């Protein structure tokens with residue numbers, strides 16, 4: 001022990017200051033003013049009872065990301081919607097449980113804010129009026145056409161009557177037909193940022209069924225709601241691509257195979273996305289089967305040799321950070337929780353959903369020309385900080 005040279009002690013004045021800080025210092029005194037304002041506002045919700053913003057424990061009365069449950073879309077800007085479809089799952093199933101599990105996991109992250117770029121913070125609940133619309137109940141709709149048409153009644157009210165954007169959880173990829181149809185009617189032809197292992201460009205000539213998990217883009221193109229020349233698909237791979245790849249070429253959809261994605265730096269891919277979709281209204285749909293099974297094995301069509309979750313997020317982050325893309329809606333689909341015993345795939349899907357919600361809130365505030373605050377009418381108490 002004789003060869004150890006002890007570092008000089010701190011002076012007593014510094015120690016006294018640290019002791020005083022230990023006794024009296026509060027984190028809220030040093031945080032960003034916008035965060036401090038948000039936390040103070042959260043304490044006033046529900047007639048002063050306040051919202052717990054660190055823990056999801058015993059918060060079943062709160063919805064996705066701790067948003068208030070509500071169907072008052074006339075007084076909302078963004079609605080989180082669950083669509084539990086699975087009739088069109090090509091192989092494995094269980095997608096109908098996706099919205100329920102992702103809602104639960106979305107609350108199992110601590111806090112309602114997150115650092116963004118350049119020292120800024122995402123505070124989505126202070127930028128837009130966000131509600132959890134809940135999961136649309138289509139139980140008893142034993143054919144897919146009826147199921148879609150029942151859900152469309154809700155979507156027309158949410159989007160076309162009340163002008164909300166939606167952050168949607170599927171369900172198999174059939175569900176993406178609804179927001180594309182309604183948001184395309186509201187905003188005009190949409191550009192699409194599409195992460196997927198599959199093209200999903202089936203036509204009526206291929207398979208004459210009105211709705212399924214492979215025709216939601218082409219059907220909306222034919223209806224004038226999606227511009228194929230403003231659509232980019234990333235992550236395509238697998239043994240079916242040789243059979244169905246002709247549509248992308250014929251329609252002018254930009255497709256980036258998984259192999260090319262993996263060797264393309266995120267900033268290069270982000271610029272390609274920006275160049276394709278441009279400044280017009282844009283929708284982002286994220287099928288979790290775009291991910292390599294290391295990051296997601298809980299879907300109906302697991303394809304090896306896919307994308308990494310971090311690469312996908314880096315691309316999305318850089319597209320958003322450019323400020324050049326106007327995001328009007330988003331979804332995360334094809335998560336099947338029964339195949340996710342550890343919930344790791346679900347946490348990835350829920351975490352990405354939060355980041356898409358933050359982007360939607362930011363762009364909604366830009367379109368509104370102002371920030372609008374989410375209000376919780378029901379609050380059961382705040383216990384931390």
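Nothing in this text is a laboratory measurement; each read-out follows from the coordinates by a stated rule. Everything numeric in this text was worked out from a predicted model, so none of it was measured. All Cβ positions, even for glycine, are placed from backbone atoms using ideal geometry, and neighbour counts span all protein chains on display.
For the reader, a short list of remarks on this structure follows.
- Value in Å of the Kirkwood radius, where segment 123-221 supplies the Cα pairs that are averaged: 14.7 Å
- Segment residue 373-residue 271, extension gain: residue separation times 0.36 nm, minus the distance between their alpha carbons: 33.5 nm
- For segment 308-353, the direction-averaged projected area of the alpha-carbon convex hull comes to 3.7 nm².
- Value of Rg/Rh across segment 260-385 [Cα atoms, Kirkwood radius]: 1.03
- Angstrom value of the Kirkwood radius, inverse mean 1/r, which spans all Cα pairs in segment 110-172: 14.5 Å
- At R0 = 41 Å, FRET efficiency that the Cβ-Cβ distance of residue 338 and residue 156 yields, to 0.05: 0.85
- Geometric extent, Cα atoms of the chain - Rg, Dmax (angstrom): 22.6, 85
- Tail fraction, Cα-Cα pairs, segment 260-308, threshold 14 Å, whole percent: 61 percent
- Listed peptides 203-215, 242-254 by packing density, highest first (mean Cβ within 10 Å): 203-215, 242-254
- Tensor-based shape of segment 312-385 (alpha-carbon gyration tensor, a/c under 1.5 rounded, otherwise prolate or oblate): oblate
- Taking the longest Cα principal axis of the chain as reference, the axis of helix 33-42 is set at about 80 degrees.
- From helices alone, the chain scores -10500 deg cm²/dmol at 222 nm; the rule is -39500 (n - 2.57) for each run of n ≥ 4 DSSP H residues, then divide by the residue total.
- Helix 266-277 axis, angle to the chain major axis (alpha carbon atoms, nearest 10°): 50 degrees
- Residue 109 versus residue 40: modelled label distance in nm, points set 7 Å from Cα along the beta carbon direction: 2.7 nm
- Rg [Å, one decimal], Dmax [Å, integer] - segment 18-146, C-alpha atoms: 19.0, 68
- Beta bridges per DSSP with both ends in the chain, % antiparallel, nearest 5: 5 percent
- Report note on the peptides 140-146, 33-39: ranked by the mean count of other C-beta atoms within 10 Å, highest first, their order is 33-39, 140-146.
- Residue ranges 117-125, 281-289, 101-109 sort as 281-289, 101-109, 117-125 when ordered by packing (mean number of other C-beta atoms within 10 Å per residue, highest first).
- 0 to 90° range, to nearest 10: angle between helix 12-24 axis and the chain longest Cα axis: 60 degrees
- Against the empirical 2.2 N^0.38 Å (N residues), segment 193-235 has a Cα radius of gyration ratio of 1.12.
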